[in-house]
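Here is the structure we will look at, set down as structure tokens.
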Amino acid sequence: MKTDVHKINENMSWRDITLGCMVFASGTSREFSTGEWRVDTPVFHEDKCKQCLLCVPVCPDSSIPVKDEKRLDFDYDHCKGCGICAKACPFDAISMKRGEK
Amino acid sequence: MKNLIEIRWHGRGGQGAKTAALLLADVAFNTGSYVQGFPEYGPERMGAPITAYNRISTTPIRVHSNIYDPDYVVVVDETLLDSIDVTAGLSEEGAILVNTPKSKEEIIPLLNGYKGKVYTVDARKISVDALGKYFPNSPMLAAIVKVAGIMPDEEFLAQMRGSYEHKFASKPEMIEGNMKALEVSLREVK
Amino acid sequence: MAIRERLSGNEAVSFAIKQINPDVVPAFPITPSTEIPQFIASYIANGEIDTVFVPVESEHSAMSATIAASAAGARALTATSSAGMALMWEELYLAASNRLPIVLTLVNRALSGPININADHSDGMGARDAGWIQLYAEDNQEAYDNMVQAYRISEHKDVKLPVMVCQDGFITSHAVQNIDLIETEKVKAFVGEYEPEEYLLNAANPMAVGPYATSGYYMEAKRAQAQAMFDSKKVILEIAEEFEKLSGRKYGFFEEYRMEDAEYAMVIMGSAAGAAKDAVDKLREEGKKVGLIKVRMFRPFPAQELAAALSKVKAVALMDRADSFNGFSGPLASDVRAALFANKLTPDTVAYVYGLGGRDVRVEDLEGVYDALLRGDLACEEIPYRYLGVRE
């Protein structure tokens, strides 16, 4: 019983739910905007960044995209604002805006 | 032969009474009978008394309980006569078979007044002579097949040769020894 | 032509597994498991089957690995007994709620304590609400036949639930008895190849198994599971009918023995049913109108069908090989009484617990139960049910 993951919602009948709630798709967390949960917001100061990339692996939500061995600005759709990246940065290239999106 | 023959084996852990009961089920099965062979499971310890059972029947067997009123009792170790009431429930129409070098007359007083037939066979001597080791189950199996009239000697020996050839495929020296033990036991049980 | 053989229950179930050649068998290879994983390991070592055997460090891991193998797309099986079953408990629920067509061969043995390894149904009864289909057997033949039918039931598109193939410990599992086996080609043709529609190792269609379901989804998932359990009844009968064409042996939810005009009946499960049939025959010869119902399918519970089969009896004894410790009766008795009440039937009933921890059950013991029914001796003292043959 394969169901389009977009059709699964809290109004559906038990008759339509997938077997054992199996999810027939992959990478579905991409479509889930956890950025809405954010209270504090990291700000990227590109001028101070040495591209050491220490911030990338510590991000629990894979919200620091990397292209051609350089980090880009934050993926605010998924960043939850935990601030670990700001702690990890040795060059003050990330600051946290308190209570702001 | 009766419709249903029930046999109870008394032995000690490690002597092969369970294996003998399973082998008896095998040979009786090959005569076209319905059979059961099963041990009574308790704590399994080398030397501790154990019981195993056979039912051999002309009709399908539905009862799975232990056997309380056997037609035959096989005592694989005569030292059990002191501690176990081996003739409990034993039919006086039936018989008891004891592994012992002693004579029938010496054994009868140890059987709580049992009035049915008593057979003896010296399975230790037969086994040691034939195999160089003490494995009482082959001679006891032959003896009970004879005593209970389960099948003719020749048919039994032919069948057992087949099953030993299978069982001891990697140890062919065991085949002749075991066959000899069976033959001697068939001849000597009385 | 059937193959005439003599096998123990463990050998019989293992032989069916050899004929089926499942893809993966994770098992904990020593006691409290059974000889079944040992036989399977020998078949693999001898090159008779190409099953992957996964030795694991516990029964919890055995069921865990079986679930994983099944989710990956394999036909998976494991075996256990007694305390091993108890250790699997958490995983049993996952197997069922993930809707995985797993087969577990269970040798029913007591749960300690006092420490005991002998036959009773405590282990299976403990798992009765786990969402598994449970099939019980009277002897090695029925255990074999249930094993041959198990995957057809569990893999059916209207079911997709795990199946437990149960047999009584030692009494059936270790007793050698006659059996008619079915030729391997016929078993293979009957069971068929397993071709799951969706499975984790299918890279073309990625999926996730066993997600977290919030309260907004959990009840819907359970309701769907309940439907599958109910719908499995129809499937179990269809497969049984097909199996009868293959083997000549008839199976249903339960067996009715001399029930046509019976006024006094017994409902029982497992190996003691054989002795009970002998008791019925004996009493029938004396002109007593007695009969027996032997439950094969305990889960799903055939409530309506059992009530219909008992609709004409005056009194019925309900026999449990496990206690529920609910202060009222064993689990089978509770379910049968509920079935009778729901169908507005009120025969006299008396509940017995018997054969715990391998306590032997003789024809005479069960004759005594019928005698009590015939005499109207149904009153219980001290507790509302009876312990058969217990020393007072």
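The values are calculated or read from the model by the stated rules, or taken from the named source; none is laboratory data. None of these values were measured; they are calculated from a predicted model. Virtual Cβ from ideal backbone geometry, glycine too; neighbours counted across all protein chains shown.
Can you tell me which residue in the range C:208-238 is nearest to the other protein chains (Cβ to nearest Cβ), limited to those that are in contact with a helix residue (DSSP H, G or I) (Cβ under 8 Å, 6 or more places away or on another chain) and over 18 Å from A:M22 (Cβ atoms)?
C:S232
In the range B:121-164, what count of residues is obtained for those that are within 22 Å of B:R55 (Cα to Cα) and either within 14 Å of the chain's Cα centre (by Cα) or among the hydrophobic types (A, V, I, L, M, F, W, C) (or both)?
The total comes to 19.
Any idea how many residues of the range C:66-92 are of a type in the set (A, V, I, L, M, F, W, C) and under 14 Å from C:E198 (Cα atoms)?
Final tally of qualifying residues: 5.
Can you name every residue in the range B:125-175 that is assigned to a loop (DSSP other than H, G, I, E, B), among the hydrophobic types (A, V, I, L, M, F, W, C) and surrounded by 17 or more Cβ atoms within 10 Å (Cβ to Cβ)?
B:F135, B:A148, B:I150, B:M151
If we scan the range A:45-62, do we find a residue that is closer than 30 Å to C:N202 by Cα, within 11 Å of chain C (Cβ to nearest Cβ) and not charged (D, E, K, R)?
The answer is no; no qualifying residue exists.
Checking B:A20 against (1) at pLDDT below 95; (2) within 14 Å of another protein chain (Cβ to nearest Cβ); (3) part of a loop (DSSP other than H, G, I, E, B); (4) surrounded by 19 or more Cβ atoms within 10 Å (Cβ to Cβ), only one condition comes out false. Which one?
(3)
What is the residue count in the range B:125-160 for residues that are farther than 25 Å from B:S57 by Cβ and without any contact (Cβ under 8 Å) to a residue 12 or more places away in the chain?
3
Within the range C:11-31, take every residue that is out of contact with any Pro (no Cβ under 6 Å at 6 or more places or on another chain) and over 18 Å from C:Q149 (Cβ atoms) and give me the one that is surrounded by the most Cβ atoms within 10 Å (Cβ to Cβ).
C:V25
Quick check on my filter: what residues within the range B:65-88 are over 15 Å from B:A21 (Cα atoms) and part of a loop (DSSP other than H, G, I, E, B)?
B:S65, B:Y68, B:D69, B:E78, B:T79, B:I84, B:D85, B:V86, B:T87, B:A88
Quick one: how many residues across the range C:169-185 are within 15 Å of B:S65 (Cβ to Cβ) and either of a type outside the set (S, T, N, Q) or assigned to a strand (DSSP E or B) (or both)?
Going through the range C:169-185 one residue at a time, the tally reaches 6.
What are the residues in the range B:114-124 that are polar (S, T, N, Q) and either surrounded by fewer than 17 Cβ atoms within 10 Å (Cβ to Cβ) or farther than 12 Å from B:R187 by Cα (or both), if any?
Matches in the range B:114-124: none.
Give me the residue from the range A:23-61 that is in contact with a Ser or Thr (Cβ under 9 Å, 6 or more places away or on another chain) and in a loop (DSSP other than H, G, I, E, B) and, out of that set, farthest from C:P162 (Cα to Cα).
Among those residues, the one meeting the criterion is A:H45.
Look through C:D129, C:D120 and report the one residue that is crowded, with 24+ Cβ neighbours inside 10 Å, at pLDDT 95 or above, not aliphatic (A, V, I, L, M) and not in a strand (DSSP E or B).
C:D120
Just to verify a result, which residue in the range C:50-63, among those that are over 21 Å from the mean Cα position of the chain (by Cα) and not hydrophobic (A, V, I, L, M, F, W, C), is nearest to C:S14 (Cα to Cα)?
C:T51
Looking at C:R99 and the list (1) modelled with pLDDT under 95; (2) under 20 Å from the mean Cα position of the chain (by Cα); (3) of a type in the set (D, E, K, R), which single condition is not satisfied?
Among (1) modelled with pLDDT under 95; (2) under 20 Å from the mean Cα position of the chain (by Cα); (3) of a type in the set (D, E, K, R), C:R99 violates only (1).
Being in contact with a strand residue (DSSP E or B) (Cβ under 7 Å, 6 or more places away or on another chain) and among the basic types (K, R), is that true of even one residue in the range B:62-69?
No, because not a single residue in the range B:62-69 is in contact with a strand residue (DSSP E or B) (Cβ under 7 Å, 6 or more places away or on another chain) and among the basic types (K, R).
Mind checking which strands (runs of 3 or more DSSP E) fall wholly inside the range C:277-392 and carry at least 2 residues that are hydroxyl-bearing (S, T, Y) and surrounded by 15 or more Cβ atoms within 10 Å (Cβ to Cβ)?
So the answer is C:348-353.
Can you tell which of A:I94, A:I84 is at pLDDT 95 or above, farther than 30 Å from C:S97 by Cβ and buried (at least 18 other Cβ atoms within 10 Å of the Cβ)?
Result of the check over A:I94, A:I84: A:I94.
Can you tell me which residue in the range C:135-176 is farthest from the other protein chains (Cβ to nearest Cβ), limited to those that are polar (S, T, N, Q) and out of contact with any Pro (no Cβ under 9 Å at 6 or more places or on another chain)?
Looking at the filtered set, the residue picked out is C:Q149.
Take the residues in the range C:186-201 that are touching a helix residue (DSSP H, G or I) at 6+ places or on another chain (Cβ under 9 Å) and assigned to a loop (DSSP other than H, G, I, E, B), then tell me which one is surrounded by the fewest Cβ atoms within 10 Å (Cβ to Cβ).
Selected residue: C:L201.
Please find, within the range C:55-79, the residue that is nearest to C:A143 (Cα to Cα) out of those that are in contact with a Pro (Cβ under 7 Å, 6 or more places away or on another chain) and among the β-branched types (V, I, T).
In this case the residue turns out to be C:T78.
Only one of C:A79, C:A83 is under 21 Å from C:F170 (Cβ atoms), at pLDDT below 95 and not in a loop (DSSP other than H, G, I, E, B). Can you tell me which?
Among C:A79, C:A83, only C:A83 is under 21 Å from C:F170 (Cβ atoms), at pLDDT below 95 and not in a loop (DSSP other than H, G, I, E, B).
Look at C:F243 and say whether it is closer than 30 Å to C:Y370 by Cβ, more than 13 Å from every other protein chain (Cβ to nearest Cβ) and either touching a Lys or Arg at 6+ places or on another chain (Cβ under 6 Å) or not charged (D, E, K, R) (or both).
No; evaluated as a whole, the condition is false for this residue.
Taking A:G35, is it surrounded by 17 or more Cβ atoms within 10 Å (Cβ to Cβ), away from every other protein chain (no Cβ under 14 Å) and at pLDDT below 95?
Yes.
Considering each of C:F39, C:F53 in turn, give the residue that is part of a strand (DSSP E or B), touching a helix residue (DSSP H, G or I) at 6+ places or on another chain (Cβ under 8 Å), more than 14 Å from every other protein chain (Cβ to nearest Cβ) and surrounded by fewer than 24 Cβ atoms within 10 Å (Cβ to Cβ).
On inspection, the qualifying residue turns out to be C:F53.
Is there a residue being touching a residue at least 12 places away in the same chain (Cβ under 8 Å), assigned by TED's automatic domain parsing to the domain that holds C:D139, acidic (D, E) and surrounded by 14 or more Cβ atoms within 10 Å (Cβ to Cβ) anywhere in the range C:221-242?
Yes, the range C:221-242 contains at least one residue that is touching a residue at least 12 places away in the same chain (Cβ under 8 Å), assigned by TED's automatic domain parsing to the domain that holds C:D139, acidic (D, E) and surrounded by 14 or more Cβ atoms within 10 Å (Cβ to Cβ).
Of (1) within 20 Å of B:F29 (Cβ to Cβ); (2) in contact with an Asp or Glu (Cβ under 8 Å, 6 or more places away or on another chain); (3) free of Cβ contacts under 8 Å to residues at least 40 places away in the same chain, B:S163 satisfies all except one. Which?
Against the list (1) within 20 Å of B:F29 (Cβ to Cβ); (2) in contact with an Asp or Glu (Cβ under 8 Å, 6 or more places away or on another chain); (3) free of Cβ contacts under 8 Å to residues at least 40 places away in the same chain, B:S163 comes up short only on (3).
Examine the range A:4-13 for a residue that is touching a Cys at 6+ places or on another chain (Cβ under 9 Å) and within 13 Å of chain C (Cβ to nearest Cβ), and state whether such a residue exists.
Yes, that holds for at least one residue.
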